Amino acid sequence: MSEIQISTPRDAFELLLAGNQRFVTGTSEHPNQDAARRAETAPSQQPFAVLFGCSDSRLAAEIIFDRGLGDLFVVRTAGHVMGPEVLGSIEFGVEVLGCPLVVILGHDSCGAVGAACAALEDGMTPAGYVRDVVERVTPSVLAARAAGRIEPDEVLAEHVRHTADLLLDRSRVLADKVAAGRTAVVGLRYRLADGTAELVASRGLEAAGMSAS
């Protein structure tokens, strides 16, 4: 397949959702995964979206969105928590590679979210650097509880929304591009059992007729 021509955040979002729908229905096309695509992308890359997701082994982006080589610029950490390296990687995808869409991908049964909830309940936090991950998720759990959202799916959605807002708050590069309508940030909640990706946060797609809280 030839290089994808994507000009707007909405185009990128619709292409991503179309791939997820194929994955859910068992009709994946596995585009851009052959030797020709490998040779085509060897000199340079032009991904159409940055995907910032959880490191969970069941969240392989190119599989669940039915994409291939050179399509997605993927950044992953446990619980999709961010630090300078993550922010720099996302800004690289947007500023240098020109991606018009940034996707935050959370999922149900997330161990990091579950650990943060447990830490608040029993006061026990994990050892080592896992503790740092849990502490970065904790503000999302507290915000969810303050809003009366206590169900696991509600807490996860709050964490995805919090991540979107935190990303725009910390990255002037990304915030400026979203304000100019050149890039959008969306948050998706992925369900492990059926493979669906549901929109739970949208920053910059509202003008395209797509919105989430």
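The values are calculated or read from the model by the stated rules, or taken from the named source; none is laboratory data. Please read all numbers here as calculations on a predicted model, not as lab measurements. With ideal geometry, Cβ positions are generated from the backbone for all residues, glycine too; neighbour counts draw on all protein chains shown. Please note that ligands, DNA and RNA were not included when accessible areas were found on the heavy atoms of the full protein model with its side chains. Shrake-Rupley method; radii C 1.70, N 1.55, O 1.52, S 1.80 Å.
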Within the range 51-102, residues hydrophobic (A, V, I, L, M, F, W, C) and without any contact (Cβ under 8 Å) to a residue 40 or more places away in the chain come out as A60, L69, L72, F73, V74, V75, V86, F92, V96
If we ask which residues in the range 18-31 are part of a helix (DSSP H, G or I) and either without any contact (Cβ under 8 Å) to a residue 24 or more places away in the chain or surrounded by fewer than 18 Cβ atoms within 10 Å (Cβ to Cβ) (or both), their number turns out to be 5
>> Among the residues of the range 45-58, are any among the acidic types (D, E), assigned to a loop (DSSP other than H, G, I, E, B), farther than 20 Å from G106 by Cα and open to solvent by less than 60 Å² (accessible area, probe 1.4 Å)?
In response: no
Residue count, the range 72-90, condition assigned to a helix (DSSP H, G or I) and surrounded by fewer than 20 Cβ atoms within 10 Å (Cβ to Cβ), comes to 7
A197 passes all but one of the listed conditions (1) touching a Phe, Trp or Tyr at 6+ places or on another chain (Cβ under 6 Å); (2) at pLDDT below 95; the exception is number (2)
